[in-house]
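What follows is a set of notes on a single structure, which appears directly below.
Every read-out reported here was derived from the displayed coordinates using simple, explicitly stated rules and does not represent laboratory data. What you see is a predicted model; the values in this text were computed from it and never measured. Cβ coordinates were reconstructed from backbone atoms using ideal geometry, including for glycine residues, and neighbour counts include every protein chain displayed.
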Ligand code: CP
Ligand code: NVA
């Protein structure tokens, strides 16, 4: 029996295949419950503190609605409005919040701050995006792929673009679940070596394959899923010009998707910079693009995380 109560959710690497599968199955069950219009108020009386150091649409709204659907409530706390913004330490903030609330979700610049929060909080800490990973997003993505393709094991996902937090979490999530992943990035923007190492180890265990390439065409060849994300992430505005230059040729467009399987699906964590990493015709393609279902699934996947951890 899988029991996740009290655990942190910082990266998918901390979870086994069985635990991730249990989270996905719970999410599917909660999604069906929402369609029926009924939820067990399993989080009645529980409060989630949500700390944001960066902007958010999906993460903020889906966590807030998830808490209220499950009978609890969420507090939206901007980093700069807390004493954190005036230099109170992350450790002290973690100790204090642990006396008031039942869980902390945080979106931060530095992953180290999440680890510090988790170290000093007595309650679960959930990663709502850091510079290193975005596990809530990828849990929702796996849920979406499972719904669209009925299986995960053996599928090929191609990620084209920046070796960023989303790419890192896809490398971990796909290989944990037995999916093959091919990443195409310019040399300078490869995913982190430590993450590639984790993915290789997972792949060995789950019987999948990892490719880190430079050619988008090669990565997308025969893919079941094509995934991209912005070239310039939040906090990278200063290097935007240089990055946009480096990513020429990495756009997911009508020409590139021709290399994928006929029934490929297109995914993007959003927000999209239309005309940069993806063209309108690909993201708005009514047959292949699943980005709105993907965004919706943030709600159901996070409900599973909240219900099982809190
Ligand atoms: N995908 C995602 O995390 O979106 P937000 O930045 O809007 O939360
Ligand atoms: N890589 C993007 C993801 C946004 C959800 C960023 O970090 O800005």
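Observations on the model:
- Every residue from the stretch 23-39 that is assigned to a helix (DSSP H, G or I) and farther than 11 Å from residue 301 by Cα: 32, 33, 34, 35, 36
- Some residue of the stretch 68-80 being in contact (Cβ under 8 Å) with a residue 24 or more places away in the chain, more than 17 Å from the chain's Cα centre (by Cα) and closer than 26 Å to residue 168 by Cα: yes
- Checked against the criterion of being within 16 Å of ligand 2 (Cβ to nearest atom) and within 19 Å of residue 15 (Cβ to Cβ), the stretch 201-214 contains not a single residue that satisfies it.
- Taking helices (runs of 4 or more DSSP H) as the structural unit, those lying wholly within the stretch 195-290 and holding at least 1 residues that are closer than 22 Å to residue 169 by Cβ and out of contact with any helix residue (DSSP H, G or I) (no Cβ under 8 Å at 6 or more places or on another chain) correspond to 216-220.
- Count of the stretch 148-170 residues which are without any contact (Cβ under 8 Å) to a residue 60 or more places away in the chain and in contact with a strand residue (DSSP E or B) (Cβ under 9 Å, 6 or more places away or on another chain): 3
- Count of residues meeting criterion [assigned to a helix (DSSP H, G or I) and either within 16 Å of ligand 2 (Cβ to nearest atom) or on the phi > 0 side of the Ramachandran plot (or both)] in the stretch 160-187: 9
- Any chance residue 307 is under 26 Å from residue 65 (Cβ atoms) and part of a loop (DSSP other than H, G, I, E, B): no
- Odd one out for residue 18 among (1) within 22 Å of the chain's Cα centre (by Cα); (2) surrounded by fewer than 20 Cβ atoms within 10 Å (Cβ to Cβ); (3) in contact (Cβ under 8 Å) with a residue 24 or more places away in the chain: (3)
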